[in-house]
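Working notes for the structure below.
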Amino acid sequence: MGSSDIVIVRNGDFYEVYEKGELVAKFSTKFDVLKVLSSMGYDEVALDVEGINNYENVLTIFNKLTRENDGTYGALAIFTGIVKGFSNGKKVKYVKVDVSVNELEKKIKSLSSDAKVVLFHRNGLLKPKEPILHLGIMTKTRFELFNLLSRAVEVIKEEHSKGFLEVYES
């Protein structure tokens, strides 16, 4: 499919998706638009929909890691962090995320010299149920994988403590 086959138009509170000139879908959030485009095979297309650049999904990360597998890696996992709807007994309106993605990725990669790591992390205002990040890790064994994944998530939580603000509904 060519890049001109899909057009996304903001119409009031909705995003309208047109394929070859025909309205095919209408969504209330930009993330829903991206999920549908991904399901249509646009998993490696650079998108710019109100601030989401180069959206990557789980399939893209899986493909990147499997292409790097020279046959010595036997375990792959993808962790997705999602904005909670409730936190500290309160209903979350949105979260504001501002972390240095490059620094975070460097810290995770420094945990293991043998593992392959791919990180996609979003910054900005995110609503409940939207993904904050996808972290793909590939190691030689499942034992290495589970250990590294656990340590990597702790590094992520530590970084979020510096640049993560929950805003609650009143």
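The values are calculated or read from the model by the stated rules, or taken from the named source; none is laboratory data. Here the structure is a predicted model, which is why all the values come from computation and not from measurement. Note that we place each Cβ from the backbone using ideal geometry, even for glycine, and neighbour counts take in every protein chain shown. The protein model used for the area step is the full one, side chains on, heavy atoms only, and it has no ligands, DNA or RNA in it. Shrake-Rupley method; radii C 1.70, N 1.55, O 1.52, S 1.80 Å.
Looking at 77, 152, which one is closer than 30 Å to residue 36 by Cα, of a type in the set (A, V, I, L, M), in a helix (DSSP H, G or I) and touching a residue at least 24 places away in the same chain (Cβ under 8 Å)? Can you show your working first?
On the way: 77 fails: in a helix (DSSP H, G or I).
On inspection, the qualifying residue turns out to be 152.
Across the stretch 124-156, what is the number of residues that are modelled with pLDDT of 95 or more and either open to solvent by 20 Å² or more (accessible area, probe 1.4 Å) or among the acidic types (Asp, Glu) (or both)?
Qualifying residue count, the stretch 124-156: 13.
Condition first: touching a Phe, Trp or Tyr at 6+ places or on another chain (Cβ under 7 Å), open to solvent by less than 30 Å² (accessible area, probe 1.4 Å), at pLDDT below 95 and of a type outside the set (Ser, Thr, Tyr). Can you find one or more residues in the stretch 70-82 that meet it?
The answer is no, given that none of the residues of the stretch 70-82 is touching a Phe, Trp or Tyr at 6+ places or on another chain (Cβ under 7 Å), open to solvent by less than 30 Å² (accessible area, probe 1.4 Å), at pLDDT below 95 and of a type outside the set (Ser, Thr, Tyr).
Taking the stretch 83-98 as the region of interest, how many residues are under 19 Å from the mean Cα position of the chain (by Cα) and surrounded by fewer than 17 Cβ atoms within 10 Å (Cβ to Cβ)?
Applying the first criterion (under 19 Å from the mean Cα position of the chain (by Cα)) to the stretch 83-98 yields 83-85, 94-98.
Keeping just the survivors that are surrounded by fewer than 17 Cβ atoms within 10 Å (Cβ to Cβ) gives 84-85, 96, 98.
Within the stretch 83-98, residues that are under 19 Å from the mean Cα position of the chain (by Cα) and surrounded by fewer than 17 Cβ atoms within 10 Å (Cβ to Cβ) number 4.
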